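Following: one structure in structure tokens, then a few remarks.
The values are calculated or read from the model by the stated rules, or taken from the named source; none is laboratory data. Owing to the predicted nature of the structure, the values given are computational and were not obtained by experimental measurement. Positions of Cβ are generated from backbone atoms using ideal geometry, with glycine treated the same way; all protein chains shown enter the neighbour counts.
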Amino acid sequence: MSLIECVPNFSEGRDPVVIAAIRDAIASTSGAHVLDVSSDASHNRTVITFVATLEAAVPAALAAMREARDRIDLTQHQGEHPRIGATDVVPFIPLDGATMDDCIALARELGARAFSELGIPVYLYERAAATPARENLADVRRGEFEGLRDEVRTNAARKPDFGSAELHATAGATAVGARPFLVAYNVYLGDKSNLPVAKEVAKAIRGSSGGLRYVKGLGMEVDGQAQVSMNLVDTEKTPLHRVFDFVKAEAAAYGVAPTWSEIVGLVPERVMLEAGARHIQLRGFNKGMLLETKVREVMSGGETVDGFMSSVAGPTPTPGGGSVAAHAGALGAALVQMVAGLTVGKKKYAAVENEMKQLALQASSLRRALTALVERDAQSYDAVRSAYQLSKDTDEQQATRAAAIREALIGAAEVPLETARTAVEVAALAAALAERGNSNAVSDACVAALLAEAACKGAVLNVRINVASLDDAGTERGAELASEARKLLDAASMHARIAEAAAERVMTPS
């Protein structure tokens, strides 16, 4: 299962009723799980951390944005933290099985839906940004709600990516992005009288001022204390312990020492383990040395793919061939993402860089769709099985049963037909990659095309076997499904042959 972390920030940190409503909107979304809620009255801001499947991430975020829109009025809002919206920022972060391309696709989907369904304009930032000028969240948020509300009406450069040149009257706008894991980290420098020192330290440490490249920092007063408030946007390149040491050294130049520090929200265990190992000067440390790591490996029951294969191998009819076909297509889409990623950023392929980025995003969406079809195919078979088990003692029951079987069989044919359609799209992307992508990975692109072709063939077989079981009343619809299936199979095979030919040209000596 592919998982996404989402850490939306809301412009409310004082009203527990509003905070609970937003939290519950996320928690009630199937496939989403709230991990942490951190509220700060001084900032008047709440940060909620949740994880979700690829399918649930956008619905959960959208539900939270709806509650925030209805309950938070930015025209009445005051707080220390910069903000442009009731839902200020919504970043997507890839976790197990997910990629940055998945998160970019989710960000764009949420942006489109937030405006069309909620009337909230959206700016894309970080990796999801449509323009380099919006990669930095601080640039997007410049002027805050009040300034942006006025400027967007006259400055075309500040028009949102989704929406018109007008903010929502009370909910403002939202920045939606995709990024690596970010750690919100604050270091306190004693009494508020040290606020000038905190501001100088923040200026020294933030990347935009020439400090640490992957750190964003502000000096502010919080609860009568001087705080250096920071976002660590890449803890692999700038680890936590280095940030603390930097703050400590800069503050010492003013005769001030840190009193304590805090993490807002959650933090990857790697970050804390590295900080601890550095503090005690432990050499050669790695997670494999931890007892808990070994226990998790033993108790996890293997990788997700192994678990799926075990389910297929079991003496039950589901998941069966239709689910396996969808899974094969999803693997093909994953390979497309990989090859596109290996092409982007290479000087040799600069001319097709934009095309490769779009291919990766399309493949991400197709992979999600095919992964969902794995389960849907199993469900469609269960519906057929349930229909056949209906009573048939009376004429009325027989008629009801026949109609239910017909409907279930058509549904069981339509699901693999959708798999076939999606597989053809994957095959087309793979063929394009084989022809114009990184030639060192042409065999991978070819494998992607062959997997997509196999997925299409397997799906078409499932269409045909369900259509063949239809009664006379379902013949016409069955013929339509079978006809489309044959055309899809021809298209998938054509794309696969194109990919194979491209691979042969690369691998055959001239």
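Computed quantities for the displayed model
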item: Count of the range 171-203 residues which are touching a helix residue (DSSP H, G or I) at 6+ places or on another chain (Cβ under 6 Å) and surrounded by fewer than 19 Cβ atoms within 10 Å (Cβ to Cβ); result: 1
item: Cβ-Cβ under 6 Å pairs, at least 6 apart or on other chains, the range 68-95 side in the same structural domain as residue 53 (by TED's automatic domain parsing), far side of a type in the set (Phe, Trp, Tyr) and in a loop (DSSP other than H, G, I, E, B); result: 93/181
item: Residue check for residue 54: buried (at least 23 other Cβ atoms within 10 Å of the Cβ) and aliphatic (A, V, I, L, M); result: yes
item: Every pair of residues 6+ apart whose Cβ atoms lie under 9 Å, when the first sits in the range 368-381 and is modelled with pLDDT of 90 or more while the second is part of a helix (DSSP H, G or I) and aromatic (Phe, Trp, Tyr); result: 374/308
item: Search result, residues across the range 1-24 that are over 18 Å from residue 107 (Cβ atoms) and either among the β-branched types (Val, Ile, Thr) or in contact with a Lys or Arg (Cβ under 7 Å, 6 or more places away or on another chain) (or both); result: 11, 13, 17, 18, 19, 21, 22
item: Members of the range 453-510 that are of a type in the set (A, V, I, L, M) and closer than 19 Å to residue 324 by Cβ; result: 454, 455, 459, 460, 461, 463, 465, 485, 488, 489, 492, 496
item: Sole residue being under 24 Å from residue 465 (Cα atoms), more than 21 Å from the chain's Cα centre (by Cα) and part of a loop (DSSP other than H, G, I, E, B), chosen from 390, 409; result: 390
item: Restricting the range 251-276 to residues that are part of a helix (DSSP H, G or I) and either among the basic types (Lys, Arg) or farther than 26 Å from residue 38 by Cβ (or both), the residue that is modelled with the highest pLDDT; result: 252
item: Residue list for the range 111-165, restricted to those being small (Gly, Ala, Ser), surrounded by fewer than 17 Cβ atoms within 10 Å (Cβ to Cβ) and outside any helix (DSSP H, G or I); result: 119, 130, 143, 164, 165
item: Selection count where residues are surrounded by 20 or more Cβ atoms within 10 Å (Cβ to Cβ), of a type outside the set (Gly, Ala, Ser) and assigned to a loop (DSSP other than H, G, I, E, B), scope the range 5-25; result: 3
item: Residue pairs meeting the criteria (Cβ under 7 Å; at least 6 apart or on separate chains; first surrounded by 12 or more Cβ atoms within 10 Å (Cβ to Cβ), in the range 264-287; second among the hydrophobic types (A, V, I, L, M, F, W, C) and part of a loop (DSSP other than H, G, I, E, B)); result: 265/7; 268/181; 277/285
item: Failed condition for residue 119, given (1) at pLDDT 90 or above; (2) on the phi < 0 side of the Ramachandran plot; (3) of a type in the set (Gly, Ala, Ser); result: (2)
item: Considering residues of the range 26-42 that are surrounded by 14 or more Cβ atoms within 10 Å (Cβ to Cβ) and among the hydroxyl-bearing types (Ser, Thr, Tyr) only, the residue nearest to the chain's Cα centre (by Cα); result: 29
item: Any hit, the range 205-227, residues being β-branched (Val, Ile, Thr), surrounded by fewer than 21 Cβ atoms within 10 Å (Cβ to Cβ) and in contact with a Ser or Thr (Cβ under 6 Å, 6 or more places away or on another chain); result: yes
item: Selection from the range 382-435 of residues that are more than 29 Å from residue 448 (Cβ to Cβ) and of a type in the set (Lys, Arg); result: 385, 392, 401, 406
item: Residue within the range 178-192 that is in the same structural domain as residue 234 (by TED's automatic domain parsing) and either farther than 25 Å from residue 266 by Cα or assigned to a helix (DSSP H, G or I) (or both) present; result: yes
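Each row is one residue, and each column tells you yes or no for (1) at negative phi; (2) of a type in the set (S, T, N, Q); (3) surrounded by 14 or more Cβ atoms within 10 Å (Cβ to Cβ); (4) assigned to a helix (DSSP H, G or I).
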residue	(1), (2), (3), (4)
460	yes, no, yes, yes
463	yes, no, yes, yes
466	yes, yes, yes, yes
473	yes, no, no, yes
488	yes, no, yes, yes
492	yes, no, yes, yes
495	yes, no, yes, yes
498	yes, no, yes, yes
504	yes, no, no, yes
